[in-house]
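Novice: Below you will find the structure I want to go over with you.
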Amino acid sequence: MTSVSMRVNGADVRADVEDRTLLVHFLREHLRLTGTHVGCDTSQCGACTIHLNGEAVKSCTMFAAQADGDEIVTIEGVGEPGRLHSMQAAFQQHHALQCGFCTPGMIMAGIDILRRHKSPDEETIREELEGNLCRCTGYVNIVKAIKAAAES
Amino acid sequence: MDEFGIGAPLPRLEDVRFITGRGRYTDDIPMSGLAFMEVVRSPYASARIKGFDISAAQAAPGVLLVLTGEDARAEGFGGYTSKMRKTNRQGEPNFEPPFRILEAERVRFVGDPVAIVVATSAEAARDGADLVLVDYEELPAISDIKAALAKGAPLVWDEVPNNECVFVELGDRKATAAAFAQAAHVAKGEFAISRVAHASIEPRVGIGLYDPVEDRYTLHAAVQAPHTTRNEIATRIFRIPENKLRVISPDVGGAFGGKGYSHPELALVLWAARKCDRPVKWVCTRSEAFLADFQARDNLAQVELALDANGKFLGVKVKNVLNLGAYLTNAGLQCGFHHVGSICGVYTNRNVDWEVSAVFTNTTPIIAMRGAGRPETTFMIERIIDIAAAEMSIDPAELRRRNLIPTAAIPYDTGFVHTYDSGDFEKGFDTAMRMADWAGFPERRARSQARGKLRGIGMAYAIESAAGVRDETAEIRFDTSGAVTIVVGTHSHGQSHETTFRQVVASMLGIAPKDMRMIYGDTDLTPFGRGTGASRSMTVAGSALVCAAERIIARGKQIAAHMLEVEESDIAFDAGVFTTRATNRSVDLAGIARFAHDFRQMPAHLGVGFAERVAFVSDGINFPNGCHVCEVEIDPATGETSIVGYWLSEDVGVVINPLVVKGQAVGGIAQGIGQALCEKIVFDGESAQLLTGSFMDYCMPRAKDLPAIEIKSQEVPAPNNPLGVKGAGESALVGALPAVINAICDALRPLGVKHIEMPATPARIWEAIEQARRAKAA
């Protein structure tokens, strides 16, 4: 067992976890932040994307212990009903989700894209979404939403 | 109600919970005392089980329970069965393999479940599963159709001598032969339609509970059709009355046919829950999903098209062989039969000779996936048309135009399975030609050529048959305060029903969508329903809602007449309000509902309450259709394809919500492009081991692989349902396979390449270019 402490969505948390506990499982099972999803076991799908110290990271690629002392934001910390982040609002406005399972990861990735590119063109957005899989939308509206969020 | 009624591009009401991380998928459900299940699977494609040793697993830390195929046999469980029965080559009923939840004696594909381990944590269950020893005697295995049918091939089932489960002849062989005898040209093609994975991003998942007091099970699971899942597990596996099992399907992260029917794990969590007296959860990993999720498509087709000297289609012959995998799933066999009618396409050809055979192999069983046979059949006809066009030196669009069913000829009996009751194929064709600027293609090709690139254009006019399961029940009920709840037996997992069903009711009753509550996905709370699949939900559940709303209005008029003290015929209903012309008084639906729940005021002959439940049965299937054009550019140095344009002019009848309908179309096209360009499930030819076991090996299309897609809807209402809708979920995928492959083949034709099998990967295209070059040089 390892003792970990980190700041998650603005709150300090501390817990004892098994050494092999992945960050995503720590978030989902210990903190009950179930908006971060698991869609694969090879770090390909990006459904588990969160922000670690301000950067988009796949939370299945690291152990909870590796995030000790770090600052984490999950989809629950981005905005809430009635007080949506512009990226969340753009996803709804442009019908950028269907089943919704990849969506939290897409929104976290989208916010990170705009952190690094002020007004990305379509090609840049498509290139930058490399690490996130969606099976429903064909990406067209996801690209549109991220572009719209950049312009808002 | 225009703002949010039928036709409004209303943003989805279900979105807020998904975009804020508040969706409630099965794996998110908190549950105390939860135990975790791991499945022990066969590492061999074919083997005899000589014995189990579970002692080490039982002794492992945290392990609560170990059960094997022998325990399952001792329980006397039944097995899964196919919905469809056909005949074999001898005309006898086809062999139906026993399809159990755990195997005790033989395994028949890599991933076949043989045991389960239940433990206090997922990690402990996984560790325990590693300690289950199964003594296997490996046997020779086969993975593909040709190997299965070869002389002396290893048998998947001893009861099926040549691995051929089904053989059926359809159509009119004599008439077709006569048509072929008149032909000026016969085009021939042999196509392998690849095997693919549904690969919903949410893996399959289930939580089983058992209540010993009620002797009753509850299953929380990601499924498309809760009642179907309940019925299969209750009646087929456990052999208990259906009311002894409740199935709850909360938010589901995509399905595409892969969560339509029961896989063994859903019965296993329930059995395990009963055995260890705790709730038991199983979450499939992605690696496990590639082995054990039922897969889709995988068939071979020999296709011949006979044409007269002017390019008029005279007849078509098809020999289709399906790979069923190791067992018959609920809907596996259907994929070879239900959609053969699509072979006529939107054309006037009337002679069809169709032969279908289905074989067992040592591979993961096959089930329906979005389109379920229609993409395959549409590929056959639309690809052979392009081959014929090239051989006869006719523009492929022109060849299609010459054979289109004229709009004036609708309704049109194709002579083989279907009578198209609506559609305007001429308009669909002309619209697509304009959208894609088909006429300007030669110029674009020349520009690509100048840059050393190959450019190609491909068309496919797809027509499919939707909503084949024709009954569905829906309820609209008002509570005593006058608020509305709608209840349906279909399930929404991306289809946007929470928005579109409310739009239908909004149009009918004048109630804002946000003021309605909607219930689905729980067999205890909803009327019996057939779930979501086959592009049926809006056609049947939407129509059931229309009928329920009509009855609400009719009953409302009776009550309003009583309240307003006029004749019922004096009452008019508009936008949620009943008025009487006689006295100019009015009462709204909420007022009616409040009154209707007051037994002191309601006249006895009307009874109390304000709710209507309607079981709707449609008069027939409907025929969504669409003309696809795809344009590609290929780099001959690398074989890499870019889709530079994709246009679809589609008719899915009346559009309830254009945002949603376009979203479904684009998503469908993306899955078609995925199969055409990159996705394929591959098994080793010798060992039948899966070679594409993760997203690192199985190539899912990513954002940069897919193009912008332009879609225009033309609404030709379906005549046989009150909404005039046609299925919108699958239709666009159906045409994408041939449109993409036709475009690629068009680009490569000048080099002498005749056909490219899917997936048209850079390696495959590069190889074809090289082969053609060598052949030209020789």
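Novice: Just checking, how many residues over the stretch B:607-657 are out of contact with any Ser or Thr (no Cβ under 8 Å at 6 or more places or on another chain) and within 30 Å of B:D479 (Cα to Cα)?
Specialist: The total comes to 7.
Novice: Continuing with the same structure: Within the stretch B:36-61, can you find the residues that are over 24 Å from B:L291 (Cα atoms) and crowded, with 17+ Cβ neighbours inside 10 Å?
Specialist: Within the stretch B:36-61, B:A60 is the sole residue that qualifies.
Novice: Kindly indicate the residue of the stretch A:26-39 that is part of a loop (DSSP other than H, G, I, E, B) and out of contact with any Gly (no Cβ under 9 Å at 6 or more places or on another chain) and also surrounded by the fewest Cβ atoms within 10 Å (Cβ to Cβ) among those meeting that condition.
Specialist: Taking the stretch A:26-39 and keeping what is part of a loop (DSSP other than H, G, I, E, B), we get A:31-39.
Imposing the further condition that a residue be out of contact with any Gly (no Cβ under 9 Å at 6 or more places or on another chain) reduces the set to A:31-32, A:38.
Values: A:L31: 18, A:R32: 10, A:V38: 22.
Out of the qualifying residues, it is A:R32.
Conditions (1) free of Cβ contacts under 8 Å to residues at least 12 places away in the same chain; (2) more than 25 Å from B:D2 (Cβ to Cβ), marked per residue:
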position: B:E550; (1), (2): no, no
position: B:A554; (1), (2): yes, no
position: B:Q558; (1), (2): no, yes
position: B:H562; (1), (2): no, yes
position: B:V566; (1), (2): no, yes
position: B:A572; (1), (2): yes, no
position: B:F578; (1), (2): no, no
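Novice: Another question, then. If you scan the stretch A:122-149, which residues turn out to be more than 7 Å from chain B (Cβ to nearest Cβ), within 16 Å of A:P104 (Cβ to Cβ) and polar (S, T, N, Q)?
Specialist: A:N132
Novice: Would you confirm whether any residue within the stretch A:2-12 is within 12 Å of chain B (Cβ to nearest Cβ) and not hydrophobic (A, V, I, L, M, F, W, C)?
Specialist: yes
Novice: For the stretch B:496-503, state whether one or more residues are of a type outside the set (F, W, Y) and closer than 16 Å to B:A615 by Cα. Walk me through how you get there before you give the answer.
Specialist: Start the filter on the stretch B:496-503 by keeping residues that are of a type outside the set (F, W, Y), which leaves B:496-500, B:502-503.
Restricting the remaining residues to those that are closer than 16 Å to B:A615 by Cα gives none.
Looking for residues that are of a type outside the set (F, W, Y) and closer than 16 Å to B:A615 by Cα, one finds none in the stretch B:496-503, hence no.
Novice: Give the residues of the stretch B:564-576 that are under 24 Å from B:A506 (Cβ atoms) and crowded, with 16+ Cβ neighbours inside 10 Å, sorted by residue number.
Specialist: Correct list: B:I571, B:F573, B:G576.
Novice: I need the full set of residues from the stretch A:91-116 which are in contact (Cβ under 8 Å) with a residue 24 or more places away in the chain and more than 7 Å from every other protein chain (Cβ to nearest Cβ), in order please.
Specialist: Selection gives A:H94, A:A96, A:G105, A:M106, A:M108, A:A109, A:G110, A:I111, A:D112, A:I113, A:L114, A:R115.
Yes or no, residue by residue, for (1) of a type in the set (D, E, K, R); (2) under 28 Å from the mean Cα position of the chain (by Cα); (3) part of a strand (DSSP E or B):
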site	(1), (2), (3)
B:I142	no, yes, no
B:A153	no, no, no
B:N162	no, no, no
B:L170	no, yes, yes
B:E190	yes, yes, yes
B:I201	no, yes, no
B:V223	no, yes, no
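Novice: Here's a check for you: in the stretch A:30-43, which residue that is touching a Phe, Trp or Tyr at 6+ places or on another chain (Cβ under 8 Å) and closer than 11 Å to B:I201 by Cα is farthest from the other protein chains (Cβ to nearest Cβ)?
Specialist: A:H37
Novice: Still on this structure, please answer the following. Against the definition (within 11 Å of chain B (Cβ to nearest Cβ) and out of contact with any helix residue (DSSP H, G or I) (no Cβ under 6 Å at 6 or more places or on another chain)), how does A:D19 come out, yes or no? Outline the logic, then answer.
Specialist: On the way: within 11 Å of chain B (Cβ to nearest Cβ): yes; out of contact with any helix residue (DSSP H, G or I) (no Cβ under 6 Å at 6 or more places or on another chain): yes.
Taking the combined requirement at face value, the residue satisfies it.
Novice: Then there's this: Just to verify a result, which residue in the stretch A:46-60, among those that are under 15 Å from A:R28 (Cβ atoms) and assigned to a loop (DSSP other than H, G, I, E, B), is nearest to the other protein chains (Cβ to nearest Cβ)?
Specialist: A:A47
Novice: Residues that are within 30 Å of A:A47 (Cα to Cα) and charged (D, E, K, R): find the strands (runs of 3 or more DSSP E) completely inside the stretch B:255-333 holding 2 or more of those.
Specialist: Strands (runs of 3 or more DSSP E) meeting the threshold: B:296-307.
Novice: Take B:R370 and decide whether it is surrounded by fewer than 24 Cβ atoms within 10 Å (Cβ to Cβ) and farther than 26 Å from B:V160 by Cα.
Specialist: So B:R370 fails the test.
Novice: Also, quick follow-up: Any idea which of (1) within 32 Å of the chain's Cα centre (by Cα); (2) among the charged types (D, E, K, R); (3) surrounded by fewer than 17 Cβ atoms within 10 Å (Cβ to Cβ) is the one B:D130 doesn't satisfy?
Specialist: Single failed check for B:D130: (1).
Novice: Also, quick follow-up: If you scan the stretch B:515-532, which residues turn out to be at negative phi and crowded, with 23+ Cβ neighbours inside 10 Å?
Specialist: Once the filter is applied, which keeps residues that are at negative phi and crowded, with 23+ Cβ neighbours inside 10 Å, the stretch B:515-532 yields B:Y520, B:T523, B:G529, B:T532.
Novice: Which is within 30 Å of B:Q495 (Cβ to Cβ) and away from chain A (no Cβ under 13 Å), of B:D15, B:D2, B:D53, B:D28? First the steps, then the outcome.
Specialist: Numbers: B:D15 fails: away from chain A (no Cβ under 13 Å); B:D53 fails: within 30 Å of B:Q495 (Cβ to Cβ); B:D28 fails: away from chain A (no Cβ under 13 Å).
Exactly one of B:D15, B:D2, B:D53, B:D28 is within 30 Å of B:Q495 (Cβ to Cβ) and away from chain A (no Cβ under 13 Å), namely B:D2.
Novice: Among the residues in the stretch B:263-279, are any surrounded by 24 or more Cβ atoms within 10 Å (Cβ to Cβ) and modelled with pLDDT under 95?
Specialist: Yes, the stretch B:263-279 contains at least one residue that is surrounded by 24 or more Cβ atoms within 10 Å (Cβ to Cβ) and modelled with pLDDT under 95.
Novice: Specify the residue that is surrounded by the most Cβ atoms within 10 Å (Cβ to Cβ); the eligible residues are those in the stretch A:64-88 that are at the interface with chain B (Cβ under 8 Å from one of its Cβ atoms) and among the hydrophobic types (A, V, I, L, M, F, W, C).
Specialist: Top of the filtered list is A:I75.
Novice: If I filter the stretch B:645-696 down to residues being in a loop (DSSP other than H, G, I, E, B), over 19 Å from B:V632 (Cβ atoms) and charged (D, E, K, R), which single residue comes out as nearest to the other protein chains (Cβ to nearest Cβ)?
Specialist: Across the stretch B:645-696, the extreme among qualifying residues is B:D684.
Novice: Given the options B:K259, B:K275, name the one that is in contact (Cβ under 8 Å) with a residue 40 or more places away in the chain and closer than 24 Å to B:A197 by Cα.
Specialist: It is B:K259.
Novice: Restricting the search to the stretch B:701-723, which residues are in contact with an Asp or Glu (Cβ under 8 Å, 6 or more places away or on another chain), part of a loop (DSSP other than H, G, I, E, B) and either under 30 Å from B:P411 (Cα atoms) or away from chain A (no Cβ under 14 Å) (or both)?
Specialist: B:Q714, B:E715, B:V716, B:A718, B:P719, B:N720, B:N721
Novice: May I ask you to list the residues in the stretch B:589-608 that are among the aliphatic types (A, V, I, L, M), outside any helix (DSSP H, G or I) and either touching a residue at least 24 places away in the same chain (Cβ under 8 Å) or surrounded by fewer than 13 Cβ atoms within 10 Å (Cβ to Cβ) (or both)? Steps first, please.
Specialist: Initial filter on the stretch B:589-608 (among the aliphatic types (A, V, I, L, M)): B:589-590, B:592-593, B:596, B:602, B:604, B:606, B:608.
Subsequent filtering for residues that are outside any helix (DSSP H, G or I) retains B:602, B:608.
Across the stretch B:589-608, the qualifying residue is only B:M602.
The values are calculated or read from the model by the stated rules, or taken from the named source; none is laboratory data. Predicted, not measured: the structure shown is a model, and the values here were computed from it. Cβ sites come from the backbone with ideal geometry, for glycine too, and all protein chains shown count toward neighbours.
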